[in-house]
1. Taking the range 215-227, which residues are open to solvent by less than 40 Å² (accessible area, probe 1.4 Å) and either near the ligand (Cβ under 7 Å from one of its atoms) or in contact with a Lys or Arg (Cβ under 9 Å, 6 or more places away or on another chain) (or both)?
2. Spot the failing condition for F298; the list is (1) in contact with a helix residue (DSSP H, G or I) (Cβ under 8 Å, 6 or more places away or on another chain); (2) open to solvent by 20 Å² or more (accessible area, probe 1.4 Å); (3) away from the ligand (no atom under 16 Å from the Cβ), and only one is missed.
3. Collect the residues in the range 358-389 that are near the ligand (Cβ under 8 Å from one of its atoms), open to solvent by 10 Å² or more (accessible area, probe 1.4 Å) and outside any helix (DSSP H, G or I), keeping them in residue-number order.
4. Among all residue pairs at least 6 apart or on different chains, which show Cβ distances below 8 Å where the first residue, located in the range 272-292, is in the same structural domain as S246 (by TED's automatic domain parsing) and farther than 18 Å from W356 by Cα and the second is at pLDDT below 95 and within 8 Å of the ligand (Cβ to nearest atom)?
5. List the pairs whose first member sits in the range 330-356 and is not assigned by TED's automatic domain parsing to the domain that holds F367 and surrounded by fewer than 23 Cβ atoms within 10 Å (Cβ to Cβ), whose second member is modelled with pLDDT of 95 or more and aliphatic (A, V, I, L, M), and whose Cβ atoms are under 7 Å apart, counting only residues at least 6 apart or on separate chains?
6. Quick one: is E292 open to solvent by 20 Å² or more (accessible area, probe 1.4 Å) and in a helix (DSSP H, G or I)?
7. Pairs, please: C-beta under 8 Å, at least 6 apart or cross-chain, first residue surrounded by 17 or more Cβ atoms within 10 Å (Cβ to Cβ) and in the range 129-150, second assigned to a loop (DSSP other than H, G, I, E, B) and at pLDDT below 85?
8. Can you tell me which of K197, K205, K180 is outside any helix (DSSP H, G or I) and either more than 16 Å from the ligand (Cβ to nearest atom) or open to solvent by 70 Å² or more (accessible area, probe 1.4 Å) (or both)?
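The values are calculated or read from the model by the stated rules, or taken from the named source; none is laboratory data. Keep in mind the model is a prediction, meaning the values are calculated, not measured. All Cβ positions, glycine included, derive from the backbone under ideal geometry; neighbour counts span all protein chains shown. Please note that ligands, DNA and RNA were not included when accessible areas were found on the heavy atoms of the full protein model with its side chains. Shrake-Rupley method; radii C 1.70, N 1.55, O 1.52, S 1.80 Å.
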Amino acid sequence: MNTNKKHINVVWFKRDLRLEDNEAIFNATRTDIPTLLLYVFEKSLENDAHYSSRHWNFIKQSLVDINKQLEQSNTQVLAVSSEVLQVFNILEETYKIETVYSHQETGLKITYERDKTFKRFCKNNQINWVENTNNGIFRALRNRTNWVSKWEKYMNEPQFIFNSKAEKFLSTEAISELEKVLEKTNLETVPDTIFQKGGSTMAGKYLQNFFEERYHNYNSHISKPLLARKSCSRLSPYIAWGNLSSRQVLQKAATFRLTSSHKKQIDSFVSRLTWQAHFIQKFEMEEVMEFESVNKGFHSLKKKVDENYIEAWKTGQTGFPLIDACMRCLNETGYLNFRMRAMLVSFFTHNLWQPWQEATQHLSQMFLDFEPGIHFPQLQMQAGETGINMLRIYNPIKNSYEHDPDGEFIKKWVPELRNLPRAFVHEPYKMTYLDQRFNDFEVGINYPKPIVSMERTRKFASDFLWKMKKNPLVKEESFRILKLHTMADIGDSE
Ligand SMILES: Cc1cc2nc3c(=O)[nH]c(=O)nc-3n(C[C@H](O)[C@H](O)[C@H](O)COP(=O)(O)OP(=O)(O)OC[C@H]3O[C@@H](n4cnc5c(N)ncnc54)[C@H](O)[C@@H]3O)c2cc1C
């Protein structure tokens, strides 16, 4: 046994893929021993049905970007494909690991269990594990008393400056040696212009460009599927994977606000970042939300799974043009604005009357910005199963006329409808026999007939859920949820 092992620290990257304002790196590099920067592509997570290749590509791009910034420091991120414990066991053969630094993860059960195992491993191997607060989400809170002021204080604190001195890190040569005994991950990705590209450099460009050019119409465009793509920040994947900390974004917003003549837009944007933290904090305190409705009163709601409906929804073949355009756009590009996401879930859970649990994995795979802490609470809220939020059943036809009046978005993503006059694009099933003939278009052949009746299913869902809201257990649970999370839920006021 090698008793003269070199001592090192390890920074274990999770959803904090950046160098600046990274407390884990900051703490590790304050010590006198070198630090190894590590990312593990965990096979168990790669196989988890919530994730898809678009996420792993984004992470790879983020690591390539970090590596570029690290060239001056003569170090690289050790990126390996394995499981976390296996990697640490192998590292321990060469080095004595003093301390592992990472950010707390508000994640899926699978990562929570992994962290518990890792904690035991550290204890058994005399490794110190320091976990930092991530983006102002606090662990082990019993309620939300003073939560907002704690969060604000965290956000106003100075950022952690990256120390790039080479002596702070394990050298590239030493990392190459480790790559020989571990399964090195190939970080190359196929060049692609459809998805937003990962990395802090790209994130910084989106941030700068949002405040310099794009934010002026934030409020008026936020609900419009086409215009929101430009007028919203598009920062969600960068925040979800940690290319930017929320603090970096908020402090930038505050600086721009000082001289901005569009302060209202900046304030609305900032309020979204408060929601982001609010939802993640809620999930941190109610992790069962991954599997079941937070309001136990809804556990008795049993909806029959219909695979045909689910398939039509997933592939954008429901016969409702705005729903289909949204889904096809999401599948293709990984992004959709808030209202359209909410509408897709509402259609799934209310009109198709399917359990929200059946929607989670397809959506999480498609959202490039998949963030468990927002995803599950939002799904349940849009499904009307929290008991505390206003019941919202989105009407896709009304939304279509209001937010895509010329059918531009629909025609882009549902090419079958491209040649139809504007008057028919929102409700092609209303075309008469003659309309169809003159337009060389047949409902049910060129484009599906609606798979459900909008009016009948809306009424059914509304009556059913309003009745459920009166159920004593739903009421009791609503009270519990409000008490636990103190502040009134704020997420559906768009
Ligand atoms: C069913 C459903 C699932 C969702 N899943 C996710 C998810 O997995 N990851 C994710 O980041 N967002 C999710 N959202 C929230 C929201 O739709 C996206 O954050 C937003 O559309 C991203 O676009 P943007 O960055 O341009 O947002 P902007 O409007 O520019 O907002 C700035 C930031 O605030 C946060 N934010 C914005 N809206 C919300 C919101 N309603 N709730 C919480 N945080 C918000 C995001 O971090 C976003 O990047 C979900 C919404 C719904 C209805």
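1. Y218, H221, I222, S223, P225
2. All conditions pass for F298, except number (2).
3. Hits for the range 358-389 are F367, D369, E371.
4. Correct list of pairs: W275/G491; H278/G491.
5. none
6. When the stated conditions are applied, E292 does not pass them.
7. From the range 129-150, the pairs are R144/T486; R144/M487; W147/T486; W147/M487.
8. Exactly one of K197, K205, K180 is outside any helix (DSSP H, G or I) and either more than 16 Å from the ligand (Cβ to nearest atom) or open to solvent by 70 Å² or more (accessible area, probe 1.4 Å) (or both), namely K197.
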